[in-house]
Amino acid sequence: MRSHERIAVLQSFNEHIEGLGPQFPQDFDRFRDFFGDTKFSERLDLFDVSSGERPKSLPDYRGIIITGSPRSVNSNTASVQDLCSIVNYCDQNSVKMLGICFGHQVICKALGGVVAKAESGWNIGSRKLIIKQYKEYMQPRKNLNLTALHNEEVVELPEDLECLADCRGARNALVVKGSQILSTQMHPEIDLLYLEKLLEHDPAIDATLRTDDTEQLDADLFSKWCANFFESP
C-alpha cells in the first residue's frame, strides 16, 4: 500500500507507567483501537519522536497524528523543537494534522499561539464540548463528550486557527484550520476505565481533582470525524 494512504503517528511519550497491566496499551495501540471500524485502524505507522524518530518523507503520508504527553510544550526540549519544525513543514505543504492534548498544544504553539498553565489547574474527567459550528466532515453532527487530562491549555490561538468548542476547564478545546488541521485539548483515545487506572498509578496527578460531566463518552463519534477529516480533500 502506498504511504499516502497511511497516517504517521508521532508518539510524543513512550514511557510505560509502572503498575498498569498489559490490558492498558501504549499510545500507538490505543489510537489503533480508537479508529476501530474505520479503514485507518490498520493504516497507522508509528514514529517515536521522543526518541528522535520521524518520517523520511512527510508529503507521502495522508496526514499525521501528534499524540499526548505529560511533558510541557514550553520545555523547549529537542523533541518539542523537532515537533514544531514538523508542524510548520506540514502547514506549509498541506499535510493534514490531527493534534491530541500535548499534540494540540504543539500545533498551536508552532503556528504562533500561546500555551500556559491552566487557570483552573488540573482538568481531569469527562467533559462536554458544545460545538459552535460544524465542518462538512463532522458527520453525524452532535456535541461531544470526551476525556480531559491536562494542566496546560492554549490561551491564544494562532491567527489562522478557528475555535469550534470550549469546555469546562479548557479554552480552545476543539480547533480547526480549514480541512488541514483538526486539533483537540481532549484525549479521545482514553476511556474512563483507563483514566481511573492511570490516576491510581501516576503519583504526578492528584486523582481527587477528577470530576465528570457524564459517564458516556463519544470517542466512536469523534473517530468517525477524524477518519472523515483524513479522507476529505
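The values are calculated or read from the model by the stated rules, or taken from the named source; none is laboratory data. All values derive from a computational prediction rather than experimental measurement. Virtual Cβ from ideal backbone geometry, glycine too; neighbours counted across all protein chains shown.
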Q: State which residue is farthest from the chain's Cα centre (by Cα) when the search covers only the range 86-100 and only residues that are surrounded by fewer than 18 Cβ atoms within 10 Å (Cβ to Cβ) and touching a residue at least 24 places away in the same chain (Cβ under 8 Å).
A: Asn93
Q.
Any residue in the range 51-63 that is within 17 Å of Gln92 (Cβ to Cβ) sitting within a Cβ distance under 6 Å of a residue that is assigned to a strand (DSSP E or B) and of a type in the set (Lys, Arg)? List the pairs, counting only those 6 or more apart or interchain.
A. Gly63/Lys96
Q. Hey, which of the strands (runs of 3 or more DSSP E) in the range 70-167, taking only ones fully inside, have at least 2 residues that are farther than 30 Å from Asp220 by Cβ?
A. 114-117, 152-156
Q: Being farther than 15 Å from Asn228 by Cβ, buried (at least 22 other Cβ atoms within 10 Å of the Cβ) and of a type outside the set (Gly, Ala, Ser) is the filter here, so list the residues in the range 156-183 that pass it.
A: Cys167, Asn172, Val175
Q.
For the range 125-171, give me each residue that is on the phi < 0 side of the Ramachandran plot and among the small types (Gly, Ala, Ser).
A. Ser126, Ala148, Ala165, Ala170
Q) Between a first residue in the range 215-233 that is in contact (Cβ under 8 Å) with a residue 12 or more places away in the chain and under 14 Å from Thr184 (Cα atoms) and a second residue that is surrounded by 19 or more Cβ atoms within 10 Å (Cβ to Cβ) and among the aromatic types (Phe, Trp, Tyr), which pairs have beta carbons less than 9 Å apart while being 6 or more apart in sequence or on different chains? A) Ala219/Phe34; Phe222/Phe34; Ser223/Phe34; Ser223/Phe35; Ser223/Phe40; Cys226/Phe34; Cys226/Phe35; Cys226/Phe40
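Is it the case that some residue within the range 218-225 is surrounded by fewer than 16 Cβ atoms within 10 Å (Cβ to Cβ) and aliphatic (A, V, I, L, M)?
Initially, the range 218-225 is screened for residues surrounded by fewer than 16 Cβ atoms within 10 Å (Cβ to Cβ), giving 220.
This time we only want the ones that are aliphatic (A, V, I, L, M), so: none.
No: the range 218-225 contains no residue that is surrounded by fewer than 16 Cβ atoms within 10 Å (Cβ to Cβ) and aliphatic (A, V, I, L, M).
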(Q) Checking Asp206 against (1) touching a residue at least 40 places away in the same chain (Cβ under 8 Å); (2) touching a strand residue (DSSP E or B) at 6+ places or on another chain (Cβ under 6 Å); (3) at negative phi: exactly one of these is not met. Which one? (A) (2)
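Quick grid of which residues meet (1) modelled with pLDDT under 95; (2) part of a helix (DSSP H, G or I); (3) of a type in the set (Gly, Ala, Ser):
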{"position": "Leu182", "(1), (2), (3)": "no, no, no"}
{"position": "Pro188", "(1), (2), (3)": "no, no, no"}
{"position": "Pro203", "(1), (2), (3)": "yes, no, no"}
{"position": "Glu215", "(1), (2), (3)": "yes, no, no"}
{"position": "Lys224", "(1), (2), (3)": "no, yes, no"}
Q. When you look at Leu199, is it aliphatic (A, V, I, L, M), part of a strand (DSSP E or B) and touching a residue at least 24 places away in the same chain (Cβ under 8 Å), yes or no?
A. no
Q) Out of all the residues in the range 50-69, which are loosely packed, with under 13 Cβ neighbours inside 10 Å, among the small types (Gly, Ala, Ser) and either assigned to a loop (DSSP other than H, G, I, E, B) or at pLDDT 95 or above (or both)? A) Gly52, Ser57
